[in-house]
Each structure stands twice: as structure tokens, then as C-alpha cells.
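Enquirer: I have a structure I would like to understand better, so I am pasting it below and will then ask my questions one at a time.
None of the figures in this text is laboratory data; all of them are computed from the coordinates on show. Please read these numbers as outputs of a predicted model, since none were measured by experiment. Cβ atoms come from the backbone with ideal geometry, glycine included; neighbour counts cover every protein chain shown.
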Amino acid sequence: MSLVVDASVAVKWFVREEHSDRARELAESGAHLIAPRLIQLEVANALRRKVRDRVMAAEQALGRMAVLASYLDRLVDEQDVLTAAFMRAAALDHPIYDLIYLETARRYDAVMVTADQRLVQKLDGLGDGRLVRQLDRWEASRP
């Protein structure tokens with residue numbers, strides 16, 4: 001089973017938040033985890049906010065950033081899905097970042113897992129529900 005994880009899931013690997021336990025289960029599930037390289041920038045930015053909010057020290061954040069790629073089986077170039085993501089983002093009037101993950105899932109015949117409930121609801125309402133799962137509803141026995 002291949003899963004595309006977004007930054008909302010990856011941050012939970014490193015910071016205790018709601019559903020961090022589910023994110024760790026996913027990381028240890030044996031599923032083939034894929035992400036666009038964009039995840040590195042988004043996780044770095046999220047960890048920067050955690051440093052700003054004094055949730056962690058800068059050194060801790062840097063250490064977590066250094067190991068992010070080890071959680072993933074494959075980092076892919078978002079350039080491969082940029083055109084499709086742009087067209088979908090323009091049609092939906094939605095930030096392209098989320099659509100990069102969605103189009104990566106589509107390209108690699110995978111399911112996107114996110115902790116962003118509003119995104120899941122929006123995509124489900126637009127017919128893309130089969131491509132996306134909310135983290136708290138993900139189960140190891142199925143995508």
C-alpha cells in the first residue's frame with residue numbers, strides 16, 4: 001500500500017499534538033510512504049513556528065528536520081505534478097500546496113493522508129474523496 005503523507009502528518013512525527021499517536025502508527029505501519037520534496041519546506045516552516053512558540057529549541061527542530069527523509073520511502077519532485085496541481089488549484093481557488101500532495105497521490109496510485117479535516121471534506125465534496133484519508137480515520141489494515 002502506498003500513501004502520500006502531507007506536512008500536517010509529518011509534523012506530528014516530531015511534535016506531540018492531537019493524533020500524533022496515529023501519525024506514528026502510520027510511520028511504523030509498513031506502508032510505502034511517499035511525499036513531494038515540498039514536505040521538507042512545509043515541515044521546516046511548521047517547526048520554525050514551534051521554536052517561535054517555545055514548544056521546542058531550534059537545535060531540536062534542526063535535528064528533526066535532518067531525519068524527516070528517513071521516515072519516507074520516496075521523496076518525489078513536485079515538478080512532475082505541478083501543472084496538474086496548478087490547474088486543479090486554479091479551478092478550486094485553493095492553495096496549490098495541498099493540491100501538490102493530492103496530485104502526487106493520483107500520479108503514484110496512492111492515497112493521501114492528511115490531518116487537515118477541512119481539506120478532506122472539501123476534496124470529498126468535489127469527488128476526490130477516494131484519494132484522501134483523514135489521519136484520525138486512517139487504519140493500518142486499509143489505505
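Enquirer: Among the strands (runs of 3 or more DSSP E) contained in segment 31-143, which hold 1 or more residues that are hydroxyl-bearing (S, T, Y) and crowded, with 16+ Cβ neighbours inside 10 Å?
Expert: 111-114
Enquirer: Within segment 9-30, take every residue that is among the acidic types (D, E) and part of a helix (DSSP H, G or I) and give me the one that is nearest to R74 (Cα to Cα).
Expert: That would be E25.
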